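The structure appears below as structure tokens.
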Amino acid sequence: MKEDIFTNLVCNSTVFECKAINLAGTTWIVPESPENENRFRKDLLSSVDNILKDFFELGLLLENHIHLHDYIPMYLDEIFVDSIATIARGEKIKNGVYSDINSPFLRENPEEIISALLNFFNKFGGINPRKYNRNIQAKVIEDLSEIAFGSKFMAWAKAPASFLAYIIFELYYRYTQPDRYIAAMQKHPNAHFKIVGDGMSLSVSLTLQIVYQSKGWHEKKVVASIFDLITLFLFYDDDTHIKRCEHCNAVFISPNEKAIYCSPACRNRANSKKSYERRKLKENTKKAQDKRGD
């Protein structure tokens, strides 16, 4: 069954130059030019290994910018829970839900994070948070975009940097430390809220298309967004394991869950280093023993 999921996959994104602008304390990732004359479509399946590696590097960068034991997912944060209640009452949401100061990733030295986000989406495109985020947060972003820019024009190509960082880190944290993530979230006082009850689950949007070609009908499985693609390969593909090499520290992908080196060369260098260290330890131990004997 799993093999069937990965046959005839299609995932495209629109790539265009992005920039970061700060409006009322919220950094937005938006198109460099409203006309987007240089935008083009990109086949993400042909770059999936590079996407996963860059995603992992970005997740590690985000982790290094926060105190992990204090991390709270956005769907459990009091500010966001209050914003959901505001929308439920039919009231206009207040600006600031996704402000930099409310983001654990952007409170201190945000420039590095914002630059990394720009590099990622300039390379692979596919910001479109609404495709991936098919719940109440999509409504929040839509309303805030209208407040910030005065219209919903090209809303699919705009998103707060704090929200994009949150999506990426959530996937990274769940993948690298699932037990720790679930244990921490279940203890949170807001975890019982029905509105955030699906926070422990993950979903991927796949659309089955039947297309007639010269030799008959053929199926395509269309992956909705770059985030759906990352989720699919991280959590559903048994042959995809993202690792960090214990010798050179490079990110690599391996079908072997227990792999620790990115290449035979790194494995050989690591073994040589271990042999050298054992030999030196043995020599130093012998010298110490000889010295005591004297």
For SER145, which of the numbered conditions (1) crowded, with 17+ Cβ neighbours inside 10 Å; (2) modelled with pLDDT under 75 fails to hold?
(2)
Taking segment 33-52 only, how many residues are surrounded by 13 or more Cβ atoms within 10 Å (Cβ to Cβ) and either closer than 26 Å to PRO104 by Cα or among the charged types (D, E, K, R) (or both)?
5
Going by the conditions given, is ASP238 in contact with a Phe, Trp or Tyr (Cβ under 7 Å, 6 or more places away or on another chain), charged (D, E, K, R) and in contact (Cβ under 8 Å) with a residue 60 or more places away in the chain?
no
Please determine whether any residue of segment 120-141 is outside any helix (DSSP H, G or I), at pLDDT 85 or above, polar (S, T, N, Q) and surrounded by 15 or more Cβ atoms within 10 Å (Cβ to Cβ).
no
Find the residue count for segment 1-41, including only residues that are at pLDDT 80 or above and either among the acidic types (Asp, Glu) or outside any loop (DSSP other than H, G, I, E, B) (or both).
23
Can you name the residue in segment 218-244 that is more than 21 Å from LEU58 (Cα to Cα) and aliphatic (A, V, I, L, M) and, of all such residues, is modelled with the lowest pLDDT?
ALA224
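This table checks each residue for (1) in contact (Cβ under 8 Å) with a residue 60 or more places away in the chain; (2) part of a loop (DSSP other than H, G, I, E, B); (3) over 30 Å from PRO73 (Cα atoms).
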site: TYR212; (1), (2), (3): no, no, yes
site: GLU219; (1), (2), (3): yes, no, yes
site: LEU234; (1), (2), (3): yes, no, no
site: CYS248; (1), (2), (3): no, yes, yes
site: ASN256; (1), (2), (3): no, yes, yes
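Residues checked against (1) under 24 Å from SER47 (Cα atoms); (2) modelled with pLDDT of 85 or more:
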site: GLU246; (1), (2): no, yes
site: ASN249; (1), (2): yes, yes
site: CYS262; (1), (2): yes, yes
site: ASN271; (1), (2): no, yes
site: ARG278; (1), (2): no, no
site: LYS282; (1), (2): no, no
site: LYS287; (1), (2): no, no
site: LYS291; (1), (2): no, no
site: ASP294; (1), (2): no, no
Among ILE242, ILE230, which is assigned to a helix (DSSP H, G or I) and in the same structural domain as ARG41 (by TED's automatic domain parsing)?
ILE230
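The values are calculated or read from the model by the stated rules, or taken from the named source; none is laboratory data. Worth saying up front: this structure is predicted, and the values here are computed from it rather than measured. For neighbour counting, all protein chains shown are included, and Cβ atoms are generated from backbone atoms with ideal geometry for every residue, glycine included.
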